[in-house]
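Structure record follows, encoded as C-alpha cells.
The values are calculated or read from the model by the stated rules, or taken from the named source; none is laboratory data. Keep in mind that what you see is a predicted model, and the values were worked out from it rather than measured. Positions of Cβ are backbone-derived with ideal geometry, glycine not excepted, and every protein chain shown enters the neighbour counts.
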There are 2 protein chains.
Amino acid sequence: MSLLITGSIALDSVKTPVEEHRELLGGSASYAAVAASFFTPVNLVGIVGSDFPKPYLDLYRKHGINLDGLQTAAGKTFRWHGEYEWDLNKRRTLSVALNVFETFHPTLPDGYRRTPYVFLANISPQLQMHVLAQMNAPRFIVADTMDLWIETQREPLRELMGKVHCIVLNDSEARELTKETSLVKAGRKILKWGPKYVVVKKGEHGCLLFAENFFFSAPAYPLEDIHDPTGAGDCFAGAFTGYLAREGMIDHDRLRKAVIYGSVLASFNVEAFSLGRLQTLTPQDIDERYQIFKLMSHFEFG
Amino acid sequence: MSLLITGSIALDSVKTPVEEHRELLGGSASYAAVAASFFTPVNLVGIVGSDFPKPYLDLYRKHGINLDGLQTAAGKTFRWHGEYEWDLNKRRTLSVALNVFETFHPTLPDGYRRTPYVFLANISPQLQMHVLAQMNAPRFIVADTMDLWIETQREPLRELMGKVHCIVLNDSEARELTKETSLVKAGRKILKWGPKYVVVKKGEHGCLLFAENFFFSAPAYPLEDIHDPTGAGDCFAGAFTGYLAREGMIDHDRLRKAVIYGSVLASFNVEAFSLGRLQTLTPQDIDERYQIFKLMSHFEFG
C-alpha cells in the first residue's frame, strides 16, 4: 500500500571532524521518503525553492517517489548548516534559513488524499495536523517530532498525539516531553496520551517499541565508523512505516520487523553523507543486514 | 560443572529515595554466588569477620554454596554504606570499612583447585590473579572489575586481561579503560588485550557481547520500578558464568543464552534490597522471564 510522507526538504551543509560537504540533499522528508521507497510507493508532500538542484529531483524520481505534492516556490530552498563534535554524538546548528519553507501550507493533490499509510516526518505539529486534516480516513499514521516542538509547541504536540497511531521520538526527547528519567516510564506515559505505539530511538543503544501489552527492543548495528549521523532517525521512521505500508497490516510480528528494517536503513544511512549510501543500496544489502540483526539479537534458532 | 567464585563479602547499608536498610548481605561474591547457584554448584572463596550473621551463612547453604573456602577472621566484616540519587542511576559511597578484608589473601582448599569454571568477581586484580594462580588448568575464566581498579591498578588489570577468557565491565568502565567513546570501538580494543570475549553491561540499555567474529546484543528487562540496583552487575556475571558452567561448553549459542540468563537474574535482583528477591526465586520464574526476553528481542518466530 502507498505511503504519504510530509516533512522538510533542505539543502544541508554538514561538517564532521573528518569531512565537510555543502548543499547536500537533506531534510526529514527526503531521508524518510528515500528510505521508505525500498518498501512501498511514496507520495511526497513538501516545498522547495526555484534554486533546488535538478539532480535531487532526479534522485527522488529514481526511487519512484511521486512528486505531485512537491511544490516549487519562488525563492530559495530551506537550508541547514550543522557541525558534529569529535565523537559525532553531539551536533550544533550553525545556521538555519527557512526561506520558502516559511510559506509551506500545503494543499494535498486529490490523488494523495486516500493514501492509506501516513508518515508525518519532523515539522511543526501544526503543519503535521494541517496535512492530516486533508486525508481521507488513513489506516495508520506515524509522526516524528523534535526537541524544538517539545519546548515551544507542547500543546499542539499533545493534540497531535491524540490523532496518530504511533509516535517516534528519540530518548532525550521522550525524557524531556514526559519529565521521566526512566525510558520505560516515559514510554508508558506517552501511551496514555493517545498513540497506540511509541517508538523511542536511542542511537547507539538501538530502540524500543512500547504498546499497552507489548514491548520490543532492537539493538543498533555495531558500526565502528560513522561518517554522518544526519537523517538516521528519519531513515529509521521512513523504513519502519514503509515496511508496514508494504505489509498492509499492523500486528506485533510486523511491528517487530518494521523496527528492524528501520534500524537496518538507519545503519546504512550513517555510512556516508546525505543520501549517498542509500543511492547505491540494493534489496540484497538490506536482506543481508536484516540477517545480521537476527544473529545479533536472537538467542534461540528454530 | 562446578564454578569457583571469589570476590568481596560485605554487610551493606543502602539508602534509596524510598527506603533505607542496614547491614544487609552484600559484596560482589555474595550476589554472584547466589545468582550462579540457580545453574550450577558453587565453590565460594571469601572472608568474613567473627560478627558475620549466621542467617547469612544459612542463606549461602540454602543455595547449596560450598563454604570450604570461606575464611572467618577475628574482627569485623567488610562494610559498605551507599546512597542512590532520586532516579537510582547514580550512587555515592558514604563510607567503606575494609576491616578483615584488608587481610584477605586466600589459600584455596585442595578440593577447589580443579574447579573447571572460574568467576573472579570484583576485587583488586592482584587478588584475582592470586586466586587464579592456585587453580589447576581451569577451562573458562571470567573476570569482572570496577572503575577503582581502572584508575589505580591499570597495569595489573591489563595483566589480568591476558589471563582470562572473558572480561565483564560496565559501559562507563569500558570507555574509561580504552579512552574510546564508542562502545563498539571500546569492546574491540579490549579484545586485542587478550580476552576472547568482552561483555559490556549498559544498565537500562542492556548489554553487549563482543568476540572477534561475533557480536550479540541483549536488551534490559523493562522494569518500571527498581527498588535497589546494588549487585545487579554481579548477579548478571554470576548467572552468565553459572549457565556456561552448567552447560560445560562454550559456543556462540550458549554465550547468547548466558547473556540472557545473566540479564534475567539481574532484572530480578533489582526488585528488592540485598538478595531478597533471589531468595524467593524459582526455576519457573527464571524460565518465564527468559521467555519474555525472547518475545521482546526476537523478531522471527520459527
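When only residues in region A:77-107 that are closer than 21 Å to residue B:181 by Cβ and free of Cβ contacts under 8 Å to residues at least 60 places away in the same chain count, which is farthest from the other protein chains (Cβ to nearest Cβ)?
Once the filter is applied, the top-ranked residue is A:92.
Scan region A:179-196 residue by residue and report those that are within 26 Å of residue B:172 (Cα to Cα), part of a helix (DSSP H, G or I) and not aliphatic (A, V, I, L, M). Even if it seems obvious, please write down each step before you answer.
Looking only at region A:179-196, we keep the residues that are within 26 Å of residue B:172 (Cα to Cα), and these are A:179-187.
Restricting the remaining residues to those that are part of a helix (DSSP H, G or I) gives A:183-187.
Selection gives A:185, A:187.
May I ask you to list the residues in region B:271-302 that are within 14 Å of chain A (Cβ to nearest Cβ) and among the aliphatic types (A, V, I, L, M)?
Passing the criteria: B:292, B:295, B:296.
Within 18 Å of the chain's Cα centre (by Cα) and of a type in the set (Ser, Thr, Tyr) - does that describe any residue in region B:75-83?
no
Restricting to region A:28-42, and then to whatever is in contact (Cβ under 8 Å) with a residue 60 or more places away in the chain and part of a loop (DSSP other than H, G, I, E, B), can you tell me which residue is nearest to residue A:64 (Cα to Cα)?
Within region A:28-42, the first condition is being in contact (Cβ under 8 Å) with a residue 60 or more places away in the chain, and the residues that meet it are A:28-40, A:42.
Then keep just the ones that are part of a loop (DSSP other than H, G, I, E, B); that gives A:37-40.
Details: A:37: 7, A:38: 9, A:39: 11, A:40: 9 Å.
If we take residues in region A:28-42 being in contact (Cβ under 8 Å) with a residue 60 or more places away in the chain and part of a loop (DSSP other than H, G, I, E, B), then A:37 is nearest to residue A:64 (Cα to Cα).
Identify, from the list A:36, A:97, the residue that is of a type in the set (Gly, Ala, Ser) and over 26 Å from residue A:132 (Cβ atoms).
Working: A:36 fails: over 26 Å from residue A:132 (Cβ atoms).
The conditions single out A:97.
Residues B:240, B:268, B:216, B:236: which one is outside any loop (DSSP other than H, G, I, E, B), of a type in the set (Phe, Trp, Tyr), touching a helix residue (DSSP H, G or I) at 6+ places or on another chain (Cβ under 8 Å) and within 12 Å of chain A (Cβ to nearest Cβ)?
Details: B:240 fails: within 12 Å of chain A (Cβ to nearest Cβ); B:268 fails: within 12 Å of chain A (Cβ to nearest Cβ); B:236 fails: within 12 Å of chain A (Cβ to nearest Cβ).
Result of the check over B:240, B:268, B:216, B:236: B:216.
Of all residues in region A:261-278, which are touching a Lys or Arg at 6+ places or on another chain (Cβ under 8 Å) and surrounded by fewer than 19 Cβ atoms within 10 Å (Cβ to Cβ)?
A:271
Which members of region A:271-283 meet the condition of being part of a helix (DSSP H, G or I) and within 20 Å of residue A:5 (Cα to Cα)?
Narrowing region A:271-283 to residues part of a helix (DSSP H, G or I): A:276-280, A:283.
A:278, A:279, listed by residue number.
Between B:201, B:185, which is buried (at least 24 other Cβ atoms within 10 Å of the Cβ), of a type in the set (Lys, Arg) and within 14 Å of another protein chain (Cβ to nearest Cβ)?
Values: B:185 fails: buried (at least 24 other Cβ atoms within 10 Å of the Cβ).
Result of the check over B:201, B:185: B:201.
Give the number of residues within region A:53-104 that are under 19 Å from residue A:24 (Cβ atoms), touching a strand residue (DSSP E or B) at 6+ places or on another chain (Cβ under 7 Å) and assigned to a loop (DSSP other than H, G, I, E, B).
4
Within region B:161-181, count every residue that is surrounded by 17 or more Cβ atoms within 10 Å (Cβ to Cβ) and within 25 Å of residue B:91 (Cβ to Cβ).
Within region B:161-181, residues that are surrounded by 17 or more Cβ atoms within 10 Å (Cβ to Cβ) and within 25 Å of residue B:91 (Cβ to Cβ) number 11.
Of the residues in region B:197-213, how many are part of a loop (DSSP other than H, G, I, E, B) and either touching a strand residue (DSSP E or B) at 6+ places or on another chain (Cβ under 8 Å) or small (Gly, Ala, Ser) (or both)? Talk me through it step by step, then tell me what you get.
Pass one, region B:197-213, residues part of a loop (DSSP other than H, G, I, E, B): B:202, B:206, B:212-213.
Retained after the next criterion (residues that are either touching a strand residue (DSSP E or B) at 6+ places or on another chain (Cβ under 8 Å) or small (Gly, Ala, Ser) (or both)): B:202, B:206.
So the count comes out to 2.
Considering region B:69-79 alone, what residues qualify as being hydrophobic (A, V, I, L, M, F, W, C) and surrounded by fewer than 20 Cβ atoms within 10 Å (Cβ to Cβ)? Before you say what the answer is, go through the steps one by one.
Filtering region B:69-79 down to residues hydrophobic (A, V, I, L, M, F, W, C) leaves B:70, B:73-74, B:78.
Within region B:69-79, B:73, B:74 meet the criteria.
If residue B:21 meets every condition in (1) more than 25 Å from residue B:135 (Cα to Cα); (2) in a helix (DSSP H, G or I) apart from one, which number is that one?
So residue B:21 meets the others, but not (2).
From A:254, A:246, grab the single residue that is surrounded by fewer than 18 Cβ atoms within 10 Å (Cβ to Cβ), out of contact with any Gly (no Cβ under 8 Å at 6 or more places or on another chain) and of a type in the set (Lys, Arg). Lay out the reasoning, then the answer.
Details: A:246 fails: surrounded by fewer than 18 Cβ atoms within 10 Å (Cβ to Cβ).
Just one listed residue meets the conditions, A:254.
Looking at A:292, A:286, which one is under 23 Å from residue B:209 (Cα atoms) and either part of a helix (DSSP H, G or I) or more than 18 Å from the chain's Cα centre (by Cα) (or both)?
Numbers: A:286 fails: under 23 Å from residue B:209 (Cα atoms).
The match here is A:292.
With B:61, B:22 as the choices, which residue is modelled with pLDDT of 95 or more, in contact with a His (Cβ under 9 Å, 6 or more places away or on another chain), farther than 25 Å from residue B:125 by Cα and surrounded by fewer than 24 Cβ atoms within 10 Å (Cβ to Cβ)? It would help to see each step written out before you state the result.
Working: B:61 fails: in contact with a His (Cβ under 9 Å, 6 or more places away or on another chain).
That would be B:22, the only listed residue that is modelled with pLDDT of 95 or more, in contact with a His (Cβ under 9 Å, 6 or more places away or on another chain), farther than 25 Å from residue B:125 by Cα and surrounded by fewer than 24 Cβ atoms within 10 Å (Cβ to Cβ).
Which number in (1) over 27 Å from residue A:200 (Cα atoms); (2) in contact with a Ser or Thr (Cβ under 7 Å, 6 or more places away or on another chain) marks the one condition that residue B:239 misses?
The failed condition is (2).
Go through the residues of region B:207-227 one by one and say whether even a single one is buried (at least 24 other Cβ atoms within 10 Å of the Cβ), touching a residue at least 24 places away in the same chain (Cβ under 8 Å) and β-branched (Val, Ile, Thr).
No, region B:207-227 contains no residue that is buried (at least 24 other Cβ atoms within 10 Å of the Cβ), touching a residue at least 24 places away in the same chain (Cβ under 8 Å) and β-branched (Val, Ile, Thr).
Residues checked against (1) closer than 18 Å to residue B:146 by Cα; (2) surrounded by 12 or more Cβ atoms within 10 Å (Cβ to Cβ):
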{"site": "B:86", "(1), (2)": "no, no"}
{"site": "B:89", "(1), (2)": "yes, yes"}
{"site": "B:99", "(1), (2)": "no, yes"}
{"site": "B:103", "(1), (2)": "no, yes"}
{"site": "B:106", "(1), (2)": "no, yes"}
{"site": "B:114", "(1), (2)": "no, yes"}
{"site": "B:121", "(1), (2)": "yes, yes"}
{"site": "B:125", "(1), (2)": "yes, yes"}
